[in-house]
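One structure is given below, encoded as structure tokens.
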Number of protein chains: 2
Amino acid sequence: MKASQMYLYTLREVPAEAEIASHVLLLRAGFIRKLAAGIYGFMPLGTRTLHKIENIVREEMDNAGAQEIQMSALQPAELWQESGRWAAYGPEMWRIKDRNQREFCLGPTHEEVFTDIVRQNISSYRQLPVNLYQIQTKYRDEARPRFGLIRSREFIMKDNYSFDRDEEGLDKSYWNMYNAYSRIFDRCGLTYRPVEADSGAIGGSGSHEFCALCDVGEEEILYCESCDMAATAEKADVKDAPAEQEAEKPLEKVLTPGTKSIEAVCDFLGIPQEKSIKALLYQVQVSDDDPVKYVAAFIRGDRQVNETKIVNALDIPEYALTMADEAKMGAVTGCVGGFTGPVGLHDCTIIVDSELVGLKNMCAGACEADHHLINVNYGRDYKGDIVKDIKLLQEGDPCPVCGKPVKKAMGIEVGQVFKLHTKYSVPMGLYYKDENQQERPVVMGCYGIGVTRTMAAIVEQHHDDNGIIWPISVAPYHVVIDVVNIKDETQMNLAEKLYEDLQAAGLEVMMDERDERAGVKFKDADLLGIPIRITVGKKAADGIVEYKLRRGGDIVEYTVEEAEQNAIDLVNAERRG
Amino acid sequence: MKASQMYLYTLREVPAEAEIASHVLLLRAGFIRKLAAGIYGFMPLGTRTLHKIENIVREEMDNAGAQEIQMSALQPAELWQESGRWAAYGPEMWRIKDRNQREFCLGPTHEEVFTDIVRQNISSYRQLPVNLYQIQTKYRDEARPRFGLIRSREFIMKDNYSFDRDEEGLDKSYWNMYNAYSRIFDRCGLTYRPVEADSGAIGGSGSHEFCALCDVGEEEILYCESCDMAATAEKADVKDAPAEQEAEKPLEKVLTPGTKSIEAVCDFLGIPQEKSIKALLYQVQVSDDDPVKYVAAFIRGDRQVNETKIVNALDIPEYALTMADEAKMGAVTGCVGGFTGPVGLHDCTIIVDSELVGLKNMCAGACEADHHLINVNYGRDYKGDIVKDIKLLQEGDPCPVCGKPVKKAMGIEVGQVFKLHTKYSVPMGLYYKDENQQERPVVMGCYGIGVTRTMAAIVEQHHDDNGIIWPISVAPYHVVIDVVNIKDETQMNLAEKLYEDLQAAGLEVMMDERDERAGVKFKDADLLGIPIRITVGKKAADGIVEYKLRRGGDIVEYTVEEAEQNAIDLVNAERRG
């Protein structure tokens, strides 16, 4: 397309609200426009790139045997009541009533809808497996929408759902999608890592997140260079310290005035933090009508707690867990702010990190102001209602698989594959009959790719100070032809020839023949991130043009034919993959 | 794709709620699924056809110089408050609040959003014209969603908006879109008629509806076979009867006991209905807080009223006009149910059809029970607050252009082109500077195509008792290969060869190798409406297959090569247009 005809408006200045490169550059290059917090529109170039990503996703889904459908964004509350999620979903769900006061939500995800569709047809093992996908608009009313397309409130997702007869089938579907995702993100030019992930509020177990690695990512990843271990911080297992063999000494209460922190009490008593027990006090309330319940969690003093593991141990939605009001909790449970320990607590759920079971003669709060207990031992002095790994894996900790120190990286979650098992099929009645006429629940998986988020992740990984550097596969145009002097007929004629030739060869070409200085055109070409720039200037009379790759490298003088051939070869090589 | 791998579920029975062919057949053929009243999902075949229609629209929009963008469905209330439509839109708008109680709607249309986008960039005549489109999901909470995709509450629309410097530019944009629409509906295989249309609540003037002609359409079209006149019933002008020359006789009140209808009083008095005046009593309330206002409209006794013309004459939203509570209205205005006439009415808006001005010595209600006035004359005896054509054009009436009797047809509105003029640019501050630095409002047009409704309209026009008959351009697959006996290796091998060959030639092929009787496959092929059916049966050993067009004609025996060539030629001819 010719730039003079394009709705093309770039910004010189960095928009005030934008903090990260993808947000800044997608706004500056005019790919997106903000309509409200977390709500964006896609302008012509943004729409082109969006469609390219969608088409990569579509091709790989089709190749993997999934079939495309398209469901509505409006979903009746009744479906979510069947699965139990209408009450459980929390404030991220956009809820709406129609003119007859019937309740709907704007779908944040489509497990219920797809389960409902499939249960209308599937009754026999002969009809399985099924894998259906859609590329569709999703809605989540984020508490803090931010980073442009990374965390928005209306966004485009590819989501699909697999339906199998058993766990073996699910496993096949799962790895089929895992492999398709790898191809998709490869083709999008992303550097990513599939990492083991927590199952979160969605339930079930067995999940990988595909994380595009970059410093501004919100997802913390722990990985091991000695083995294959890679997991989100939320999910990562932590190896317990070995059990200690020392003899249990008598429990003793000691005066520890003003030592409200682990650091303070350990300093005061002259013991290492590994010999202390840290208390974390929570309250749980799933819905406003429920009474508040209290939870005390205990881990080794030098550890950090992993609240996702606590949420999972309690089997509650994430939003239901908040820090306790210590005064109120104290009145009920006997805890004392800064001096809470597991001995003497009552009327609350006690979660003990698995590691503490084997540690001997620990120091813990005495549930009495200015006092601690020493020589506290699990089993003899206290017990947990729940004993589980609730620790956070941290950089340098031993790898839970091989024991070598783990490394940390940040990533943007661009995709997730997820084993749902029978979480939806059982409550929603999606059963099939096997060869023996036995009724069995269908075994499901769900799989998501944040299409608009992927666009932002690509920019995070592919940009420099001057702008975006699109991979050819998702660039809005392959080539930009910059005409230095549009009043020079020779230049314009040569540019037109290039424009026609390259398009005839199947390339997508933008010709910048706006009445602007060459410097403005070069700056815009860099900002927009078009992979190949061909400049038609003074040497047009000799049939010579300048050829430059946005990704770097020198400006090369080529004959028109050479420039064309280079551009065509480069784009075709990319298409062959 | 192979049918055994497809998510393909057809219904033998007619779904209870479906009344018209497109609704019945799209459900029965498994193209769509109902999720809630007026809310549908698209299954694999439906999604394929949907994408084909979208791509026809996209190509023709691109060719016409419009640029694709994609805005959000969620729209902040503030934009609609600027245009004044937040209060005016009525109960069809889905309204929703976010977690911070900020108000949004689910866009029923995007005039405000596009005006807002463009005003952020456009400041000079040099930047005009602009034409931006999107293919996007729209929301209207219809009071009576029905007919499947014809009148639904979540649906897909192509909408675009043109921005010009003056009326001349708008006119060019308007006819450019008009022509693009003609190409789109031609390519979709629709028999349609562009008809002059009322501007409705959206405002402005100058509009055409593109109506797909069919008996179940909700749009009444009046057209003339002698000239080009074609208009919706709402819009169509009506020629006034010629003014009468007779002398005005003295006004007289007569006793007409029990003659509440025009028919009754004219019979009673022995006069033709053309000599009587019919009264229509309305009340107007734009919002719940407003006081009710009363309106009396008068037309010649044998005419029908056109309420759209009344709404336009009063400049109110359509929903604000309802039939009056006659008792309440009588107490305020002096009207008397069945005996209301224009003489003596007070405290209401009187609208007089333009035709009545020239008619002499008419009969009208006396605003007194069991009495009428005769020899009523406009000017002498009564006047209108508004005098306008408020008549409905009816089949057989003289054409308002050439005077020949008009004909009537029903149609489904699949598209509309619309001159907005400065309706949005003025209140929303979209101005540009002309060559003389003079600020002028941008002159806008808006254009819509109901993409999902078009799908239904195609089915209405292309079906028979056995199912859908898709035009090749929008068929989910071009060819279906039915294998009579899948256990016969020769048949399967030949079918596979056909399948591979046709796909290699760029055709979209479905191979029905399900373990079903041939009769089931034939029935499904007819129901699904695939344009070309090739049956591989007993003569496979001789390389002979059966070739049949869904649109009709005989089953022909062809060699495989002949069948392939015929199919390829037919599809390619369609593609060349």
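Summary of computed values
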{"read-out": "Calculated label separations, residue B:17, copies of the chain, 7 Å along the beta-carbon direction, nm", "value": "3.8"}
{"read-out": "Computed helical MRE - 222 nm, the protein assembly as shown, DSSP H runs ≥ 4 contributing -39500 (n - 2.57), nearest 500", "value": "-8000 deg cm²/dmol"}
{"read-out": "Rounded to 5, percent antiparallel among DSSP beta bridges of segment B:440-571", "value": "55"}
{"read-out": "Within-14-Å neighbourhood charge of residue A:187 [Cβ basis; K, R +1; D, E -1]", "value": "0"}
{"read-out": "Percent antiparallel among DSSP beta bridges (both partners in chain B, rounded to 5)", "value": "80"}
{"read-out": "Segment B:341-353 - phi-based ³J(HN,Hα) in whole Hz, Karplus 6.51/-1.76/1.60, Gly and Pro as x", "value": "x, x, 8, x, 6, 8, 6, 8, 7, 9, 10, 10, 4"}
{"read-out": "Exercise: per-residue mean of other protein chain Cβ atoms within 10 Å, B:85-94", "value": "1"}
{"read-out": "Segment B:252-388, relative contact order [Cα under 8 Å, separation at least 6], %", "value": "28"}
{"read-out": "Per-residue average of Cβ from other chains inside 10 Å of A:60-72", "value": "5"}
{"read-out": "Within-15-Å neighbourhood charge of residue B:36 [Cβ basis; K, R +1; D, E -1]", "value": "+1"}
{"read-out": "Partner chain coverage, peptide B:41-47 - average Cβ within 10 angstrom", "value": "6"}
{"read-out": "Projected label distance in nm at residue B:515 and residue B:496, using a 7 Å step from Cα toward the beta-carbon", "value": "1.8"}
{"read-out": "Bridge type composition, segment A:299-419 - antiparallel percent by DSSP, nearest 5", "value": "55"}
{"read-out": "Relative contact order (%) - criterion: Cα under 8 Å, at least six apart; region: segment B:1-95", "value": "14"}
{"read-out": "Rotation relating B and A, chain A residue nearest the axis via C-beta, angstrom", "value": "A:96, 2"}
{"read-out": "Cβ-based charge dipole, segment B:1-156, positive-most Cα from B:135, B:94, B:39", "value": "B:39"}
{"read-out": "Exposure proxy ranking, count of Cβ atoms within 10 Å, fewest first, for B:227, B:211, B:188", "value": "B:227, B:188, B:211"}
{"read-out": "Above-threshold pairs, the threshold being 28 Å between Cα atoms, out of A:249/A:404; A:328/A:383; A:158/A:423; A:158/B:521", "value": "A:249/A:404; A:158/B:521"}
{"read-out": "Computed over segment B:477-576: relative contact order in percent, which uses C-alpha pairs under 8 Å that are six or more apart", "value": "30"}
{"read-out": "Nearest-20 debye value, chain A charge dipole, Cβ charges on Lys, Arg, Asp, Glu", "value": "600"}
{"read-out": "Within straight-line cross-link reach of residue A:239, aspartates and glutamates at Cα separation under 15 Å, skipping those fewer than 8 residues along the same chain", "value": "A:274, A:302, A:353, A:355, A:389, A:395, A:397"}
{"read-out": "Other-copy label distances relative to residue B:287, 7 angstrom Cα-Cβ extension, nm", "value": "3.4"}
{"read-out": "Label-point gap, in nm, between residue B:404 and residue B:437 - each point 7 angstrom along Cα→Cβ", "value": "5.8"}
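Taken together, the values in this text are just the output of simple stated rules run on the coordinates, not laboratory data. Just so you know, these numbers come straight off a predicted model, no measurement behind them. As a convention, Cβ positions derive from the backbone with ideal geometry for all residues, glycine included, and neighbour counts pool all protein chains shown.
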